[in-house]
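To start, the structure under review is shown below, and the notes come after it.
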Amino acid sequence: MNELKPGECLEISIRGRPTSFKSNSTARRKNDPWKKDVMEQTKDCVRIIGSCRLTIEFYLTSDRYDKDHLFGPDLDNLAKSTLDALCETIFCEIDSKQQRDACILDLHLLKVKAESEDHAGALLRIERLQD
């Protein structure tokens, strides 16, 4: 499998419905459809084996913004299920299974209202940094 070299960037568009879990329930996280979407759509991507910068733009449908969630779901919870999936694919060659996403030194998260269900998902930008 190829790896991203320092200074190189990778951009990946993930289609699906980003989910956020407030619970750390292992059973819920293993059955997360969003995690499965991310894993399926990144399984053949180049690998990261060193430090990186990651930007994730979440595209959320309007139903995710309601009277109880005026600003949409929490970004940290959206990021958790996405990072869990990336640890199984893009970051899978990092030595420590428990801390594979620790290679992310700079993390940027954004929420954007999707134009429609067809535009829901996330845009990932990964830049490999010098170690």
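Throughout, read-outs are computed from the coordinates displayed, never taken from laboratory work. These figures come from a predicted structure and were not determined experimentally. We place every Cβ from the backbone using ideal geometry, glycine too, and count neighbours over all the protein chains shown.
Would you mind checking the tilt of helix 75-88 against the longest principal axis of the Cα atoms of the chain, expressed as 0 to 90 degrees and rounded to 10?
With both axes taken from Cα atoms, the answer is about 40 degrees.
In the Gaussian network model of the chain, springs joining C-alpha atoms below 10 Å, which of Asp37, Asp68, Asp84 carries the largest mean-square fluctuation?
Of Asp37, Asp68, Asp84, the most mobile in the Gaussian network model is Asp68.
Using a Gaussian network model of the chain whose springs link C-alpha atoms within less than 10 Å, name the residue from Asp66, Asp76, Asp101 with the highest mean-square fluctuation.
Looking only at Asp66, Asp76, Asp101, the biggest GNM fluctuation is shown by Asp66.
In straight Cα distance, which aspartates and glutamates are under 19 Å from Lys113, not counting same-chain residues fewer than 8 positions off?
Answer for Lys113, where 19 Å is the Cα cut-off: Glu57, Asp63, Asp66, Asp68, Asp74, Asp76, listed by chain and number.
Could you work out the helix-only [θ] at 222 nm for the chain, with each DSSP H run of four or more residues adding -39,500 (n - 2.57) and the total divided by the number of residues, to the nearest 500 deg cm²/dmol?
One gets -6500 deg cm²/dmol as the mean residue ellipticity at 222 nm.
To test your reading of the geometry: what angle, between 0 and 90 degrees and rounded to tens, separates the Cα axis of helix 33-42 from the longest principal axis of the chain?
The helix 33-42 is inclined about 30 degrees to the chain.
To the nearest 20 debye, what is the magnitude of the charge dipole of the range 9-128 about its Cα centre, counting +1 on the Cβ of each Lys and Arg and -1 on the Cβ of each Asp and Glu?
300 debye
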